[in-house]
Each structure stands twice: as structure tokens, then as C-alpha cells.
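Below: the structure, in C-alpha cells.
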Amino acid sequence: MSEMSIQVEKREKTGKGGSRQARMRGLIPAVVYGSGKDSVPVQVNRKAFLDLMKKAGSENPIFLLQLSDTGQERHAMIRDMQKNPLSRQVIHIDFQRIEMTHKVRVTVPVELVGTAYGVKVEGGLIDFVVREVHVECLPGDIPNHLEIEVTELHAGHHAAAKDLKLPEGVTLLDDPERVILSVVHARTEEPGEGDQAEPEIIKKGKGEV
């Protein structure tokens, strides 16, 4: 995983008033914490941050935070990102300091590979129960996603966390028997007037943040 450098500056004015002023200047208030050190209030350029997030291609990007006018820099990950519930704009970021030589625990999305036999031949549906799992690895080894092969699954069968393809150096933290998805039998009756047919994948899981 490639790291992304971004300039941050210390935030002199904290609290609601200081945060409001920062946002009016096109900045996002943030805090950097962890590694046994004091928390530091900072702010980042909104446009620069959003541009980097679009390029990240990962739910767990690694940032190299460069403190303006000091020459100091530190690797960090996003541990929380608050958004305005109406505008969906990012209003605050929590960065956690990390060491590239120390393992971290993160959640990684799951992607399906292939078309299940139970769907293709037996007319079943995919019930996607768990869309992300918890893993532990070095920051540089965090996968963008984990794949699970479903081609051989028949209706009535399921795939568990133990069936995920884990890259070298990545350890699964979830119960290996945790069900990731099931192939369920489709409804046999025809949908009535005003009803809709079931989709190929039954959508569940975490909503949009």
C-alpha cells in the first residue's frame, strides 16, 4: 500500500468557535493521537484531503502527515471521520499515529469472486451477510479487499470467514466459522401486482457512512 503525504498545520484555536473558523477557511479540523504521546489539534486543507481520498483506492489509507514549517512528519491512519448529517461534508478527522513496523488492526471489505452454482443453475440468491472482516497486519500489508470464491456454492450452502483468501502477513481476527454469505433458495411464487422480484444479491450490512 502506498502512503499519501499531506500537509497539516497546528490548530491554535480549538473548540466549536475555532473549528467553525477553520471550516470557513476551507480547512478540516483534526486531531492526531496515539503512540503514547499527547494529542495534537491540527487542520488540513479540505480540497487536498478529499483529492487524496479519491485517489486512495482503499478504506484504510496510510498518510504521512507533514507538520508545516517544522520538518516533522509522522505516519497515521484515519480512525474516525465525522460528517455533517445533512451536507455529508467532512467536519472532523481523528488521525492515529502508527509505526510502519508495528501491526495494526483494521476492517477490510469482502469481494465475491465468480458466480455461485446455486445462483447460475439452481435459481438461488446470494445473501451477503458480512461485507467486511477484521484483520491484523503491518500497515504496508493492508489489503484493499479480501476475496472469497463462490463458484462451487450450491443453494443451501454458505461460505465462512475461513474461506477468505488471505495475503501473506495478514491474520484474520474474526471467528473462522463466521458466515460471510449464503446461497438461499429463491421464492417459488410469482410476484403479485405491485411486488418486485428479489435481486440476485440480498443487500444487507453497514449502511453508507
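No lab work stands behind these numbers, since they all come straight from the coordinates. Remember, it's a predicted structure, so these values are computed and weren't measured experimentally. Because the Cβ atoms are built from the backbone with ideal geometry, glycine has one as well, and the counts that use them run over all protein chains shown.
Of K103/K162; K10/K37; K47/K83, which ones are farther than 19 Å apart at the Cα? List each step's numbers first, then the result.
Working: K103/K162 21 Å; K10/K37 15 Å; K47/K83 15 Å.
Flagged as over cut-off: K103/K162.
Can you tell me, using C-alpha contacts under 8 Å and at least 6 residues apart, the relative contact order of the chain as a whole percent? Kindly include the intermediate steps, with their values, before the conclusion.
On the way: 426 pairs, mean separation 37.0, N = 209.
Relative contact order for the chain comes out at 18 percent.
Using only DSSP helix segments of four residues or longer, with each worth -39500 (n - 2.57), what per-residue ellipticity at 222 nm results for the chain after dividing by its residue count and rounding to 500? Kindly include the intermediate steps, with their values, before the conclusion.
Values: 3 runs with 25 residues, N = 209.
When only DSSP H runs of four or more count, the value is -3500 deg cm²/dmol.
Nearest 0.05, what FRET efficiency do E3 and K120 give at R0 = 41 Å with Cβ-Cβ as r? Don't skip to the answer; put the middle values down first.
Values: r = 41 Å, r/R0 = 1.00.
The value I calculate is 0.50.
How high is the FRET efficiency between S68 and T101 when r is their beta carbon distance and R₀ equals 30 Å, given to the nearest 0.05? Spell out each step's value before the answer.
Working: r = 26 Å, r/R0 = 0.88.
After rounding, the FRET efficiency stands at 0.70.
Only bridges with both residues in the chain count here: give the DSSP antiparallel percent, nearest 5. It would help to have the intermediate numbers written out before the result.
Details: 39 of 55 bridges.
Restricted to the chain, the bridges split so that about 70 percent are antiparallel.
Place a +1 charge on the Cβ of each Lys and Arg in segment 1-88 and a -1 charge on the Cβ of each Asp and Glu, then give the dipole magnitude about the Cα centre in debye, rounded to the nearest 20. Could you put the intermediate results ahead of the total?
Working: 16 positive and 9 negative charges, 106 e Å.
Here the size comes out at about 500 debye.
Rounded to the nearest 10 degrees, what's the angle between the helix 15-24 long axis and the longest principal axis of the chain, both from Cα atoms, 0 to 90?
That helix lies at roughly 80 degrees to the long axis.
To the nearest 10 degrees, how steep is helix 46-56 against the longest Cα principal axis of the chain, on a 0 to 90 scale?
40
Enumerate the residues in segment 96-138 having an amide nitrogen under 13 Å from the point lying 7 Å beyond the Cα of K162 toward its Cβ.
Residues passing the 13 Å test: none.
For labels at E111 and D175 in the simple 7 Å Cα→Cβ model, what's the distance in nm?
2.8
With r as the distance between the Cβ atoms of H154 and R131 and R0 = 22 Å, compute the FRET efficiency 1/(1 + (r/R0)^6) and round to 0.05. Before the final figure, lay out the partial values.
Details: r = 22 Å, r/R0 = 1.01.
That pair, R131 with H154, gives E of 0.50.
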